[in-house]
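Report on the following structure.
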Amino acid sequence: MTMTQTTDQQEQFVNAPETNGQTVTTDQPKDELSLSKPVVHERADVVGNKVAIEVKDFNSWYGNFQALHDISMNIAEKCVTAFIGPSGCGKSTFLRWINRMNDLTMGARAQGTLKLHNQDLFAPGTDVVDLRRRVGMVFQKPNPFPKSIYANVAFGPRLHTRISKTDLDEIVENSLRHAALWDEVKDRLKQSALGLSGGQQQRLCIARAIAAEPEVLLMDEPCSALDPKSTAAIEELIDQLRKEYTIVIVTHNMQQAARSSDYTAFMFQGDLIEYGPTRQIFTNPENEQTENYITGRFG
Ligand SMILES: Nc1ncnc2c1ncn2[C@@H]1O[C@H](COP(=O)(O)OP(=O)(O)OP(=O)(O)O)[C@@H](O)[C@H]1O
């Protein structure tokens, strides 16, 4: 993997990239919607919040195909940041670098700066297993292990620490409570997680991520496989979790982004087009592409 190290410190402002000569051309066709210039935010979208994740001049490729172009942004601590944009624009690719899941993808490589709480995620010697504990991930399709409900939640703590049964019981209960699932499963902790409904399985996956005491929770379309009631439960949960965790969510659901997030990033064909407070993006976007997308004119 090629990484360019930079020594830049955290900046208390957000930069969306310009389409200057640095942007590498992809083989992806760009239609007329991409012709308007990406907005440059000069300042302050996360002012008032600490920066959890710092991204600077971040590029990513799959083989020769460039999937991300010069992404520069700060992601606020203990806030919800939503990534929106049409299919294939690079949302998941970006998310999967934050805990280096893309290390596992053949041909994936990245260049640029990505820091979590000022720690370079690509610095030599980075403990990727620990990074994935610090940056938990919840996927589109609930993916509980074929184990008991208890064992699913206990999995991370057992992996990372030597822990007594009493302490583990406490972590399991707390995590399930945090994930708003305890009352529904407390009498069947030893039963298979696969017997839970889809919505319950997704909350179990969130409990499993929380049990490892992460700093960041990544959620890649966490509700797209769920019914409206389960979706509402997850959104309510996100609202609770934002008090303790930095949450980065990818969603195709505009209402969900508008309801659940503090900041929204709009991406198109690998570029970060616009980024700012969710209210501003949804009520007064600066870029016509953003407006076209959120009003459903494409995507
Ligand atoms: N493993 C891979 N190998 C090659 N190309 C890939 C791979 N994964 C993604 N891509 C390409 O990278 C680009 C960005 O994909 P990505 O999945 O990040 O988009 P996305 O915005 O999350 O899309 P969606 O909303 O459909 O999930 C797409 O053109 C996609 O085809």
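The values are calculated or read from the model by the stated rules, or taken from the named source; none is laboratory data. In this text the structure is predicted, and so the values were computed from the model without any measurement. Using ideal geometry, Cβ is built from the backbone for each residue, glycine included, and neighbour counts are taken over all protein chains shown.
Could you tell me how many of the residues in segment 78-99 are at positive phi and crowded, with 19+ Cβ neighbours inside 10 Å?
Taking segment 78-99 first, the residues at positive phi are 78, 85, 88, 90.
Still in the list and also crowded, with 19+ Cβ neighbours inside 10 Å: 85, 90.
Residues flagged as at positive phi and crowded, with 19+ Cβ neighbours inside 10 Å within segment 78-99 amount to 2.
Quick one: T113 ticks every box in (1) more than 14 Å from E221 (Cα to Cα); (2) buried (at least 16 other Cβ atoms within 10 Å of the Cβ); (3) of a type in the set (S, T, Y); (4) within 16 Å of the ligand (Cβ to nearest atom) except a single one, so which number is it?
The single condition T113 does not satisfy is (4).
Checking the conditions here, which among L194, L176, L168, L189 is in a loop (DSSP other than H, G, I, E, B) and either surrounded by 14 or more Cβ atoms within 10 Å (Cβ to Cβ) or modelled with pLDDT of 95 or more (or both)?
Values: L194 fails: in a loop (DSSP other than H, G, I, E, B); L176 fails: in a loop (DSSP other than H, G, I, E, B); L168 fails: in a loop (DSSP other than H, G, I, E, B).
Checking each option against the conditions leaves just L189.
Run D45 past the list (1) within 27 Å of N253 (Cα to Cα); (2) more than 16 Å from the ligand (Cβ to nearest atom); (3) modelled with pLDDT of 95 or more and report the number of the one that doesn't hold.
It is condition (3) that D45 fails.
What's the number of the condition A180 fails, among (1) under 30 Å from R109 (Cβ atoms); (2) out of contact with any His (no Cβ under 7 Å at 6 or more places or on another chain)?
Every listed condition holds for A180 apart from (1).
Of everything in segment 63-90, what is more than 10 Å from the ligand (Cβ to nearest atom) and closer than 17 Å to Q256 by Cβ? Give them in sequence order.
C79, V80, T81, A82, listed by residue number.
Every residue in segment 150-165 that is touching a Phe, Trp or Tyr at 6+ places or on another chain (Cβ under 8 Å) and surrounded by 20 or more Cβ atoms within 10 Å (Cβ to Cβ), please.
Going through segment 150-165, the residues touching a Phe, Trp or Tyr at 6+ places or on another chain (Cβ under 8 Å) turn out to be 151-152, 155.
If the condition is that a residue be touching a Phe, Trp or Tyr at 6+ places or on another chain (Cβ under 8 Å) and surrounded by 20 or more Cβ atoms within 10 Å (Cβ to Cβ), then N152 is the only one that fits.
Given the criteria part of a helix (DSSP H, G or I), modelled with pLDDT of 95 or more and within 16 Å of the ligand (Cβ to nearest atom), does N152 qualify?
Values: part of a helix (DSSP H, G or I): yes; modelled with pLDDT of 95 or more: yes; within 16 Å of the ligand (Cβ to nearest atom): no.
Considered against the rule, which asks whether it is part of a helix (DSSP H, G or I), modelled with pLDDT of 95 or more and within 16 Å of the ligand (Cβ to nearest atom), N152 comes out as no.
Looking at segment 212-233, which of its residues are surrounded by 17 or more Cβ atoms within 10 Å (Cβ to Cβ) and either small (G, A, S) or farther than 21 Å from A76 by Cα (or both)?
A212, C223, L226, S230, T231, A233
May I ask you to list the residues in segment 197-228 that are in a helix (DSSP H, G or I), over 18 Å from R134 (Cβ atoms) and touching a helix residue (DSSP H, G or I) at 6+ places or on another chain (Cβ under 7 Å)?
Step one: of segment 197-228, the residues in a helix (DSSP H, G or I) are 198-211, 228.
When the remaining residues are screened for being over 18 Å from R134 (Cβ atoms), the result is 198-204, 228.
Within segment 197-228, G198, G199, Q200, Q201, Q202, R203, L204 meet the criteria.
Of the numbered conditions (1) within 25 Å of the chain's Cα centre (by Cα); (2) aliphatic (A, V, I, L, M); (3) within 26 Å of L226 (Cβ to Cβ), V128 satisfies every one except a single condition; which is it?
All conditions are met except number (3).
Only residues that are more than 17 Å from the chain's Cα centre (by Cα), more than 19 Å from S224 (Cα to Cα) and assigned to a loop (DSSP other than H, G, I, E, B): list them for segment 240-297, please.
Passing the criteria: Q269, N284, P285, E286, N287, T295, R297.
Yes or no: I249 closer than 23 Å to Q140 by Cβ and surrounded by 21 or more Cβ atoms within 10 Å (Cβ to Cβ)? Lay out the reasoning, then the answer.
Details: closer than 23 Å to Q140 by Cβ: yes; surrounded by 21 or more Cβ atoms within 10 Å (Cβ to Cβ): yes.
When the stated conditions are applied, I249 passes them.
For segment 90-122, enumerate the residues that are closer than 15 Å to F58 by Cβ and assigned to a loop (DSSP other than H, G, I, E, B).
Residues satisfying the conditions are G90, N99, R100, L121, F122.
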